[in-house]
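Presented below is the structure to which this report refers.
Laboratory data are not the source of any read-out in this text; all were calculated from the coordinates shown. On a predicted model such as this, the values are computed, not experimentally measured, just so you know. Glycine also receives a Cβ, built like all others from the backbone with ideal geometry; neighbour counts cover every protein chain displayed.
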Amino acid sequence: MSKRLFLASLIAFGAASGAHAQIAAEHPRFCVMNVGPTQMMFSAFQENRTDAIFCQSVAEAGRTLIILDAKSSELRDMKIEARVLRNVGQKDWRDDLDANTIALLPAGKYLQTGGTTSFHADLPKDGEYMTVVRAFSDDGGKEYVGQYYFTVGGSFEQNVAAGGAVAIASFAGLLLWRRGSVAKPAPKAKPAASAARQSS
């Protein structure tokens, strides 16, 4: 099964289990981060715990599958490195990088085939985290960086309900986003969903 089909099956399965959720879900556009001039969709899945798909709020600490999906052909041609970091209020994500890194996907061309990759992160406790994606060209002349902020914890029942509900919207949202029809999130005073840096 391809990674894209795997992602779609996860979302569809989560949609089926969360069809009766009665709480407002995050709009799929808030699951998107800017990586330089390109975009990538973030989602998280906690195997053997719930069938829900999470975005800005993950239900609880523990082993979590991080899923990254890119529609840009430029991004698919680049190597990517991804990290999950503790968000401890650092001014720059590179501050105390080794100490704050929870999980690392080493640099590689993971997006070439289907535009989707995934890796596991063992989230140690409730709190705030960020996923940082670095994309760079083979010659090192071009580099994009994207940051996606998310929280872990809160009410498990509410988060699972939200995860199930957002799965319903995300399945359609992913298709629309791939076609360029989902708008970017509005800027916020304090980044809550995404931030990006581009250097060349």
Expressed as cubic angstrom per residue, what is the convex hull volume of the alpha carbon set of the stretch 48-97? 147 Å³
Gain on full stretching of the segment that runs from residue 128 to residue 143 - 0.36 nm per residue minus C-alpha separation: 2.8 nm
Loop only per DSSP, at most 16 neighbouring Cβ atoms within 10 Å: give me the chymotrypsin sites (Phe, Trp or Tyr not before Pro) in the stretch 25-69, ordered by residue number. none
For the stretch 60-125, what is Rg from Cα atoms divided by 2.2 N^0.38 Å, rounded to two decimals? 1.23
Tell me, what HN-Hα J-couplings in whole Hz come from the Karplus equation 6.51 cos²θ - 1.76 cosθ + 1.60 at θ = phi - 60° for each residue of the stretch 30-38, using x for Gly and Pro? 7, 9, 10, 10, 8, 10, x, x, 9
Between residue 43 and residues 5 or more places away or on another chain, which pairs have amide H atoms under 5 Å apart, with H built 1.01 Å from N, and which residues are they? 67
